[in-house]
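Working notes for the structure below.
The values are calculated or read from the model by the stated rules, or taken from the named source; none is laboratory data. Since the model is a prediction, treat every value here as computed from it, not as a measurement. Ideal geometry is used to build each Cβ from the backbone, glycine not excepted, and the neighbour counts take in all protein chains shown. SASA here: full protein model, heavy atoms, side chains in, ligands and nucleic acids out. Shrake-Rupley method; radii C 1.70, N 1.55, O 1.52, S 1.80 Å.
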Amino acid sequence: MDGRERRGVGSGGTVREATVADVSRLVELMSDFFAEAYLTLDRDRAGEVFMKLLADMRLGEVGVITLDGGTVGYYVLIFAMSMEYGDLVAWLDDLYVQPAVRGRGLGSLALAHMLERCHARAVRALSVEVSPDNVGARHLYASAGMTPVRRDLLTLSLGETLNG
């Protein structure tokens with residue numbers, strides 16, 4: 001097992017880099033993730049974006065979370081240069097674990113895997129956006145040492161989004 005796969009102790013899960021063969025399952029999981037936030041997903045565009053990320057690791061990384069041989073979650077890391085941190089930074093764009101298997105340490109396993117991958121790439125900071133009411137996610141990120149940054153996130157959409 002190299003740095004591209006991580007096995008969980010006690011959870012029975014694994015985390016590994018996604019491949020092109022995973023894209024249809026990733027789109028299914030992303031659709032479920034969006035549905036939890038009452039959003040619909042443009043599945044075709046999501047598949048295109050996953051393919052783009054898988055084709056160019058400079059842009060980001062996609063991982064799959066498995067349990068008992070089945071894919072039950074995924075993550076997406078996006079990379080960028082930052083003047084504030086003076087080097088590469090990562091944005092945890094998505095981390096999703098199916099509701100039926102939450103609470104088994106799979107999110108922690110995935111986060112540990114991502115942190116290992118970030119260290120290997122000399123990433124200087126990892127950020128994530130989380131809803132104030134998402135207590136489980138906030139606890140997961142806090143347990144990894146992530147703390148709130150007192151800044152507002154402002155966004156100007158310059159194109160279509162995946163949430164149809």
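What does the C-alpha gyration tensor say about the overall shape of the chain? Classify as rounded when a/c is under 1.5, otherwise prolate if a/b is larger than b/c, or oblate.
It comes out rounded by the Cα gyration axes.
At 222 nm, what value in deg cm²/dmol follows for the chain if DSSP H runs of at least 4 each add -39500 (n - 2.57) and the sum is divided by all its residues, to the nearest 500?
Using -39500 (n - 2.57) per qualifying helix, the result is -10000 deg cm²/dmol.
Could you work out how much longer the chain between residue 108 and residue 156 gets when fully extended? Use 0.36 nm per residue separation minus the Cα distance between them, nm to one decimal.
14.1 nm
Return one whole number: the accessible area per residue of the chain in Å², for a 1.4 Å probe.
61 Å²
Name the residue from 79, 103, 33 whose Cα lies farthest towards the positive end of the charge dipole of region 1-129, charges +1 on Cβ of Lys and Arg and -1 on Cβ of Asp and Glu.
103
With +1 assigned to the C-beta of every Lys and Arg and -1 to the C-beta of every Asp and Glu, and no other charges, what is the dipole magnitude of region 7-164 about the Cα centre in debye, to the nearest 20?
So the magnitude is around 480 debye.
Please compute the Kirkwood hydrodynamic radius over region 22-71, one decimal place, Å, based on all pairs of different Cα atoms.
Mean inverse Cα-Cα distance, inverted, gives 11.7 Å.
Mind checking the full-extension length gain between residue 147 and residue 36? Use 0.36 nm per residue of separation minus the Cα-Cα distance, one decimal, nm.
Gain in length upon complete extension: 37.5 nm.
Please list log₁₀ I(q)/I(0) at q = 0.17, 0.22, 0.23, 0.24 Å⁻¹ for region 63-140, using the Debye equation with identical point scatterers on the alpha-carbon positions.
The calculated log intensity ratios at q = 0.17, 0.22, 0.23, 0.24 Å⁻¹ are -0.70, -1.04, -1.10, -1.16.
How big is D for region 123-164, in µm² s⁻¹ as a whole number, if Stokes-Einstein is applied with the Kirkwood radius of its Cα pairs at 10 °C and 1.306 mPa s?
Once the numbers are plugged in, D ends up at 125 µm²/s.
State which stretch of the chain is the longest one without any exposed trypsin sites (Lys or Arg not before Pro), exposure meaning a DSSP loop state and at most 12 other Cβ atoms within 10 Å.
The longest uninterrupted stretch comes out as 59-149.
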